[in-house]
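Shown next, in structure tokens, is the structure this report addresses.
The values are calculated or read from the model by the stated rules, or taken from the named source; none is laboratory data. A quick note: this is a predicted structure, and the numbers were derived from the prediction, not measured. Reconstructed Cβ throughout: ideal geometry from the backbone, glycine too, with neighbour counts over all protein chains shown. Note: accessible area is taken over every heavy atom of the protein model, side chains too, but ligands, DNA and RNA are not part of it. Shrake-Rupley method; radii C 1.70, N 1.55, O 1.52, S 1.80 Å.
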Amino acid sequence: MPWNFCKESGTTLGLFSRRRGNRQVVQRQYGVITTTARQPCFYTDYNVPDTVMGRFEMLSSVMILFLWRTAKSSDSGKQLSQEVVDAFFLDIDYSIRELGVGDNSVPKRMKKLAGMFYGRLERYVRCLQDRDLGQLAIALSQNFHGVESEPVDMAELARWMLANADHLGRMDEVMVETGMVSFLVPESTEVARG
């Protein structure tokens, strides 16, 4: 399926880093983020649609958790965070082109997707700060399934995000600075509840 986000070959990331010393750290961290977003349980048990936009939404959600943690980081952690965000947008650009979107349309699509991402960032972070499971589940349902559609139960994904916010909050700063931020990933909702 197109829109794989961050090919294993590292084509997008190979072009990315301005600083050679950070390239491996950025690649490792972005790789963890994309691997987390691709976990099958999200698409089988958490009501995440296995579509191009569903994958974008899931990757955005994991990126937002990463940004939630790095907002509290040192300057070097924040710098790494910016480089990972840059890799994310380069990856989206690459994926749009891979889907066959013409060069003239890519900037317009990128602007729209960036606007979507930053809107979600603001809304999800507010819910994480307030620890508001209900509002986070509503926001996820609207973003993953559309405002016009019938509400879809996204409480499990909201619980997962809140659990990860707690997990990331306990993570040592050295883990951030070295690109070793990890996420809790249940195999299924049964594991998550157990």
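With respect to ARG97, determine if the residue is in a helix (DSSP H, G or I), over 26 Å from VAL26 (Cβ atoms) and either among the charged types (D, E, K, R) or touching a strand residue (DSSP E or B) at 6+ places or on another chain (Cβ under 8 Å) (or both). Criteria not met by ARG97. Consider MET53 carefully, then state whether it is among the aliphatic types (A, V, I, L, M) and open to solvent by 50 Å² or more (accessible area, probe 1.4 Å). Taking the combined requirement at face value, the residue satisfies it.
Within the set LEU90, LEU128, the sole residue that is open to solvent by less than 60 Å² (accessible area, probe 1.4 Å), under 24 Å from VAL176 (Cα atoms), in contact (Cβ under 8 Å) with a residue 24 or more places away in the chain and not hydroxyl-bearing (Ser, Thr, Tyr) turns out to be LEU128.
Among residues of the range 119-156 being acidic (Asp, Glu) and more than 19 Å from the chain's Cα centre (by Cα), the one that is nearest to ARG69 (Cα to Cα) is ASP130.
The residue of the range 110-168 that is nearest to PHE89 (Cα to Cα), among those that are assigned to a helix (DSSP H, G or I) and touching a Ser or Thr at 6+ places or on another chain (Cβ under 6 Å), is PHE117. Looking only at the range 137-159, decide whether some residue is more than 23 Å from TYR43 (Cβ to Cβ), open to solvent by 40 Å² or more (accessible area, probe 1.4 Å) and of a type in the set (S, T, N, Q). There is no residue in the range 137-159 that is more than 23 Å from TYR43 (Cβ to Cβ), open to solvent by 40 Å² or more (accessible area, probe 1.4 Å) and of a type in the set (S, T, N, Q).
Quick one: is ARG69 at pLDDT 90 or above and surrounded by 12 or more Cβ atoms within 10 Å (Cβ to Cβ)? Against the criterion (at pLDDT 90 or above and surrounded by 12 or more Cβ atoms within 10 Å (Cβ to Cβ)), ARG69 qualifies. Consider the range 75-84 and keep the residues that are surrounded by 17 or more Cβ atoms within 10 Å (Cβ to Cβ) and under 11 Å from VAL26 (Cβ atoms). The one that is nearest to the chain's Cα centre (by Cα) is VAL84.
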